[in-house]
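Quick one: this structure, given as structure tokens, is what I'll be asking you about.
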Amino acid sequence: MVKSESKPAIGILGGTFDPVHFGHLRTGLDVVEQLGLAQLRLMPCAIPPHRIEPVASASERRLMLELAIKNHPKLVVDDRELSREGPSYTVDTLLSLREDYPDNPLFVLMGTDAFCSLPTWSRWQQILELAHIVVMQRADETLQMSAELADCYQQHQAKAGDESLSAGKIWSIPVTQMAISATMIRDALLQHRDVRYLLPDAVIALIEQLHFYQKADIDN
């Protein structure tokens, strides 16, 4: 954990993005604004370690992401996990990012459910050696942590001024309440319901044009 010497702070938001929706984008922007991040890298995973395999292909999910963020200067698609073999472990991604950004503050964004399951992640304690963790917490959510994780949270809880550190702190950031899920959107598309105002129009147009999420084998 070192001082960044004013290096630009970078956020990392991973997920299947199957499809990307406003729940991903708005909460990510909340963190960008509150922590003053220079950039948020949205990172579609290839093989999620804790979830069922995505319905859309890697190239389809990447294209939807690119369309969703093309007009925002601080949002970037980072597809390094799609080109890496094996499960998309966050710690491996951070090791790769540290090669590109050795001194920048890195902030890994995750929801409360993901954070509370952190002790099940591969080499989870190494994550704080490489980056900060940002817990995106909605107003109705509480952190149901194991004793081990609660102890880690207390030891690493961020305070004012820690933004200049390159890694090692845990931030809890309030984000916009948006009860949207990719599963809900896929189910709606399967049933030919209107999904406007749940995800960007450009993504909807692509889904309709290429007939994504139309098969009845969607079960996740």
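The values are calculated or read from the model by the stated rules, or taken from the named source; none is laboratory data. Just so it is clear, the model here is predicted, and its values are computed rather than measured. Don't worry about glycine lacking a Cβ; one is built from the backbone with ideal geometry, like all the others, and counts go over all protein chains shown. These accessible areas exclude ligands, DNA and RNA; they are computed on the full protein's heavy atoms, side chains included. Shrake-Rupley method; radii C 1.70, N 1.55, O 1.52, S 1.80 Å.
Just checking, which of 158, 167 is out of contact with any helix residue (DSSP H, G or I) (no Cβ under 8 Å at 6 or more places or on another chain) and open to solvent by less than 40 Å² (accessible area, probe 1.4 Å)?
Answer to the selection: 158.
Sticking with this one: So the check is Cβ under 7 Å with 6+ separation or different chains; which pairs have a first residue in region 166-192 that's under 20 Å from residue 17 (Cα atoms) and a second one that's among the small types (Gly, Ala, Ser) and surrounded by fewer than 17 Cβ atoms within 10 Å (Cβ to Cβ)?
Taking only residues 6 or more apart or on different chains, the pairs are 177/139; 190/216.
Separate question: Being among the charged types (D, E, K, R), open to solvent by less than 60 Å² (accessible area, probe 1.4 Å), modelled with pLDDT under 95 and over 13 Å from residue 13 (Cβ atoms): is that true of residue 141 here?
Answer is yes for this residue.
Next question, about the same structure. Kindly establish whether residue 117 is more than 22 Å from residue 39 (Cβ to Cβ) and either basic (Lys, Arg) or surrounded by 14 or more Cβ atoms within 10 Å (Cβ to Cβ) (or both).
Considered against the rule, which asks whether it is more than 22 Å from residue 39 (Cβ to Cβ) and either basic (Lys, Arg) or surrounded by 14 or more Cβ atoms within 10 Å (Cβ to Cβ) (or both), residue 117 comes out as yes.
Which residues, taken from region 62-82, are open to solvent by 70 Å² or more (accessible area, probe 1.4 Å) and touching a residue at least 24 places away in the same chain (Cβ under 8 Å)?
Those that are open to solvent by 70 Å² or more (accessible area, probe 1.4 Å) and touching a residue at least 24 places away in the same chain (Cβ under 8 Å): 70, 74.
While we're here: Go through (1) modelled with pLDDT of 95 or more; (2) buried (at least 18 other Cβ atoms within 10 Å of the Cβ); (3) under 18 Å from residue 15 (Cα atoms) and name the single condition residue 152 misses.
(3)
What strands (runs of 3 or more DSSP E), lying completely within region 1-82, carry at least 2 residues that are closer than 17 Å to residue 178 by Cβ and in contact with a helix residue (DSSP H, G or I) (Cβ under 8 Å, 6 or more places away or on another chain)?
Answer list for region 1-82: 10-15, 39-44.
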